[in-house]
Number of protein chains: 2
Amino acid sequence: MSRIWNFSAGPAALPEEVLQQAQAELLDWHGAGCSVMEMSHRGKEFMSILDQAEADLRELMGIPEQYKVLFLQGGATQQFAQIPMNLLAGRSADYIVTGSWSKKAFKEAQRVGNVRCAATTESSGFTRLPVAEEIRLDPFAAYLHVCTNETIHGVEIPAHRIADTGVPLVVDMSSHILSRPVNVEKFGLIYAGAQKNIGPSGLTLVIVHRDLLGMAPLTIPTVMDYAVMAENGSMLNTPPTYGIYIAGLVFQWLKRQGGLEGMAAINDAKARLLYDCIDQSGGFYTNPVDPDCRSAMNVPFVLADAELDAKFLAESKAAGLASLKGHKSVGGMRASIYNAVPLAGVQALVDFMNDFAKRNG
Amino acid sequence: MSRIWNFSAGPAALPEEVLQQAQAELLDWHGAGCSVMEMSHRGKEFMSILDQAEADLRELMGIPEQYKVLFLQGGATQQFAQIPMNLLAGRSADYIVTGSWSKKAFKEAQRVGNVRCAATTESSGFTRLPVAEEIRLDPFAAYLHVCTNETIHGVEIPAHRIADTGVPLVVDMSSHILSRPVNVEKFGLIYAGAQKNIGPSGLTLVIVHRDLLGMAPLTIPTVMDYAVMAENGSMLNTPPTYGIYIAGLVFQWLKRQGGLEGMAAINDAKARLLYDCIDQSGGFYTNPVDPDCRSAMNVPFVLADAELDAKFLAESKAAGLASLKGHKSVGGMRASIYNAVPLAGVQALVDFMNDFAKRNG
């Protein structure tokens with residue numbers, strides 16, 4: 001068996017150690033005589049898996065007691081509606097649009113209620129962050145929504161750019177959660193689809209301050225009411241049990257990497273290696289994003305000669321470097337270098353890119 | 001490794017052959033160099049898995065062209081809201097309540113709009129079906145909702161009791177879908193949580209006639225609009241890819257059992273064996289459900305002497321017979337004997353029950 005270097009934007013690479021453990025335990029988890037997939041979600045075996053996953057996540061991210069951790073379904077796209085359904089309570093909310101995903105979140109929220117675009121960088125092709133003078137905040141907003149890492153445009157909001165605006169901050173962290181330490185107390189609600197840095201698709205993580213619970217109208221679906229899900233420990237109905245189990249294995253793997261500090265050091269080294277390769281290619285490769293907001297997780301780049309794109313993709317694939325094609329809205333290439341892509345994988349990519357540039361430059 | 005006989009109501013037993021194949025392919029699916037969990041949902045490998053799963057399901061159930069097959073998230077509980085959100089269109093709908101699950105579906109629909117209880121057997125303890133004279137149908141209803149197998153009460157509606165009432169029939173088949181052939185054309189919409197007879201939890205199957213698409217108001221979450229999901233081949237957003245893969249393996253396993261005709265013969269033999277054991281125990285065990293609507297999938301039974309319950313559970317567990325405790329609302333025991341529980345498992349249970357009755361009768 002030969003494993004590829006997987007640069008998919010999501011579903012994405014998982015740590016090989018996690019997959020090996022899942023494989024070993026697949027028919028019999030810890031002597032239970034059945035797979036995790038076959039366990040009653042209310043039995044003590046699965047409850048221990050769920051409790052351990054939550055405890056490890058709380059430890060990794062430093063999640064304070066006053067925040068609830070919810071393991072939900074439906075992806076970030078369902079959250080785009082679920083957030084205003086729970087939090088608007090007849091008021092308005094502000095959205096900062098810095099890429100395709102925050103734009104989708106804003107559009108979906110418009111179906112639900114009254115929301116405002118407080119700033120957008122669309123006219124700059126989503127390659128920068130808005131400056132303070134461009135942001136027009138409503139001080140009475142129910143919340144302010146941001147996406148701190150735009151998967152498609154490769155734009156990441158650094159922690160020091162996240163200021164307290166006086167209203168609860170709701171943040172889509174889908175594509176960089178767990179990639180580095182974060183101060184959870186800055187946020188009212190953090191959400192993330194699992195399929196980038198957490199586990200398999202079909203699991204959605206929500207971390208929500210208890211002050212934001214209990215505002216949903218009684219007309220929304222019960223499964224979408226955060227307060228009901230929090231009261232029921234994410235088990236109003238059957239949760240995605242196998243996804244929670246894999247996420248738990250990922251959390252344990254993260255602890256073995258030195259937690260989020262350890263992971264950040266590795267991720268910084270990976271990102272530096274790849275951006276240096278691009279920036280030092282003499283224009284053969286370019287990344288259009290402002291250096292102060294380049295993503296350490298999703299690195300889009302274009303070849304100066306787009307006629308070489310097909311050759312680059314075919315040769316990189318043959319070299320075991322998979323899923324490098326850029327999103328259709330941006331073009332070119334994109335390397336997603338999530339937690340589970342090791343430095344060796346990025347080194348293999350950079351070696352290929354340098355060699356390809358030399359042969360075709 | 002010693003595998004238990006797993007009588008869990010859900011998440012429930014999966015075919016051992018399916019788990020073995022999943023284990024073998026876990027780190028490398030068909031030479032792709034990665035796990036199914038790590039694949040882009042829009043890549044050709046996963047698309048082939050999804051397309052094959054849908055084709056096999058259509059073949060097994062004989063699903064006509066004019067029905068869409070959707071692979072969704074959120075479980076049957078989310079469908080309880082999603083169905084009226086999509087289908088009410090300002091009208092009313094009828095619900096027949098034959099157990100806990102149809103009662104929950106009715107209550108959830110009341111949050112969404114105007115729905116009526118057309119019949120309920122609650123005063124009979126949900127141990128029978130309503131007779132024709134008890135059912136008061138609205139001929140102008142948007143749909144009529146039934147649950148054809150009540151997991152908790154062990155009540156199954158036989159196919160010959162399902163008549164055309166002139167309005168679209170919406171049916172929760174979560175706990176007996178794929179257990180025997182069904183005439184899909186009788187129904188407007190069939191739905192099922194996966195975690196009983198399909199695959200792991202976190203996947204929800206919806207089979208819907210195209211005439212029922214396109215009635216949802218623009219204010220519901222986009223991911224909950226059946227028409228949008230149908231247009232996007234269940235991929236408006238990232239679907240639960242690993243659950244779909246396991247479901248696909250289950251569909252292939254079902255074809256090797258002789259399809260749903262073959263499965264029905266096995267299920268009938270299993271159910272006969274267990275009900276005969278109960279009925280011939282001289283009152284040591286009893287099942288309260290009318291013989292004409294006893295479930296072939298979920299078999300609740302009580303011991304005449306409830307003081308023996310704890311001993312029964314402890315000894316059965318020690319004998320490798322797991323998850324036999326009845327639901328708290330019914331008490332006693334429940335054996336869920338879904339497709340993946342083989343005749344040998346039911347034989348082992350019956351042998352234990354006969355021996356236990358002899359020793360304690």
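Is it the case that some residue within segment A:15-38 is of a type outside the set (A, V, I, L, M), under 19 Å from the mean Cα position of the chain (by Cα), in a loop (DSSP other than H, G, I, E, B) and within 30 Å of A:A319 (Cα to Cα)? There is at least one residue in segment A:15-38 that is of a type outside the set (A, V, I, L, M), under 19 Å from the mean Cα position of the chain (by Cα), in a loop (DSSP other than H, G, I, E, B) and within 30 Å of A:A319 (Cα to Cα). Can we say A:D51 is without any contact (Cβ under 8 Å) to a residue 24 or more places away in the chain, more than 12 Å from every other protein chain (Cβ to nearest Cβ) and surrounded by fewer than 21 Cβ atoms within 10 Å (Cβ to Cβ)? So A:D51 fits the description; yes. In segment B:256-272, is there at least one residue being more than 30 Å from A:G202 (Cβ to Cβ) and surrounded by 23 or more Cβ atoms within 10 Å (Cβ to Cβ)? Checked segment B:256-272: at least one residue is more than 30 Å from A:G202 (Cβ to Cβ) and surrounded by 23 or more Cβ atoms within 10 Å (Cβ to Cβ). Residues in segment A:1-10 that are polar (S, T, N, Q), assigned to a loop (DSSP other than H, G, I, E, B) and either touching a Lys or Arg at 6+ places or on another chain (Cβ under 9 Å) or buried (at least 22 other Cβ atoms within 10 Å of the Cβ) (or both): A:S8 only. Could we say that A:D138 is of a type in the set (D, E, K, R), at pLDDT below 95 and farther than 27 Å from A:H327 by Cα here? So A:D138 does not fit the description; no. When restricted to residues that are surrounded by fewer than 16 Cβ atoms within 10 Å (Cβ to Cβ), assigned to a loop (DSSP other than H, G, I, E, B) and among the polar types (S, T, N, Q), segment A:283-306 contains 0. Within segment A:206-217, the set of residues being of a type in the set (A, V, I, L, M) and either away from every other protein chain (no Cβ under 14 Å) or in contact with a Leu (Cβ under 7 Å, 6 or more places away or on another chain) (or both) comprises A:V206, A:I207, A:V208, A:L212, A:L213, A:M215.
Restricting A:V167, A:V171 to residues that are at pLDDT 95 or above, surrounded by fewer than 24 Cβ atoms within 10 Å (Cβ to Cβ) and under 24 Å from A:R128 (Cβ atoms) narrows the list to A:V167. Do you know which of the residues in segment B:92-131 that are in a helix (DSSP H, G or I) and among the acidic types (D, E) is surrounded by the fewest Cβ atoms within 10 Å (Cβ to Cβ)? Filtering first and then ranking leaves B:E122. Within segment A:282-332, being within 14 Å of another protein chain (Cβ to nearest Cβ) and small (G, A, S) holds for A:S316, A:A318, A:A319, A:G320, A:A322, A:S323, A:G326, A:S329. Just for segment A:228-246: of the residues that are surrounded by fewer than 23 Cβ atoms within 10 Å (Cβ to Cβ) and hydrophobic (A, V, I, L, M, F, W, C), which one is nearest to A:S295 (Cα to Cα)? Selected residue: A:A230.
Scanning segment B:261-274 for residues that are part of a strand (DSSP E or B) and either at pLDDT below 95 or within 22 Å of B:V184 (Cα to Cα) (or both) turns up nothing. Among the residues of segment B:233-260, those that are touching a helix residue (DSSP H, G or I) at 6+ places or on another chain (Cβ under 7 Å) and in a loop (DSSP other than H, G, I, E, B) comprise B:L236, B:N237, B:T238, B:Q257.
Entry remark, segment A:73-91: residues being among the β-branched types (V, I, T) and surrounded by fewer than 24 Cβ atoms within 10 Å (Cβ to Cβ) number 1 in total. Applying the condition of being under 30 Å from A:A105 (Cα atoms) and in contact with a Pro (Cβ under 9 Å, 6 or more places away or on another chain) to segment B:170-203 and asking which residue is farthest from the other protein chains (Cβ to nearest Cβ) yields B:L189. You will find that of A:G33, A:G62, the residue that is facing chain B (nearest Cβ under 9 Å) and either among the hydroxyl-bearing types (S, T, Y) or on the phi > 0 side of the Ramachandran plot (or both) is A:G33 and no other. With respect to (1) closer than 23 Å to A:G10 by Cα; (2) more than 13 Å from every other protein chain (Cβ to nearest Cβ); (3) under 19 Å from the mean Cα position of the chain (by Cα); (4) part of a helix (DSSP H, G or I), the lone exception for B:A230 is condition (3).
Residues that are farther than 14 Å from A:Y338 by Cα, touching a strand residue (DSSP E or B) at 6+ places or on another chain (Cβ under 6 Å) and of a type outside the set (K, R) do not occur anywhere in segment A:252-275.
Checked against (1) surrounded by 16 or more Cβ atoms within 10 Å (Cβ to Cβ); (2) touching a residue at least 40 places away in the same chain (Cβ under 8 Å); (3) charged (D, E, K, R), A:D309 passes all but condition (2). Any residue in segment A:68-77 that is under 30 Å from A:E261 (Cβ atoms) and within 7 Å of another protein chain (Cβ to nearest Cβ)? Yes; the residues of segment A:68-77 include at least one that is under 30 Å from A:E261 (Cβ atoms) and within 7 Å of another protein chain (Cβ to nearest Cβ).
Evaluated against (1) touching a residue at least 60 places away in the same chain (Cβ under 8 Å); (2) under 19 Å from B:A348 (Cα atoms), B:D290 falls short on exactly one condition, (2).
For segment A:11-30, filtered to residues that are surrounded by 20 or more Cβ atoms within 10 Å (Cβ to Cβ) and either β-branched (V, I, T) or within 7 Å of chain B (Cβ to nearest Cβ) (or both), the residue that is nearest to B:L27 (Cα to Cα) is A:L19. Of all residues in segment B:184-211, exactly one satisfies the criterion of being in a loop (DSSP other than H, G, I, E, B), out of contact with any helix residue (DSSP H, G or I) (no Cβ under 7 Å at 6 or more places or on another chain) and surrounded by fewer than 24 Cβ atoms within 10 Å (Cβ to Cβ), namely B:F187.
The values are calculated or read from the model by the stated rules, or taken from the named source; none is laboratory data. Predicted model, so just to flag it, every value in this text is computed and none were measured. Cβ: placed from backbone, ideal geometry, glycine included. Neighbour counts: every protein chain shown.
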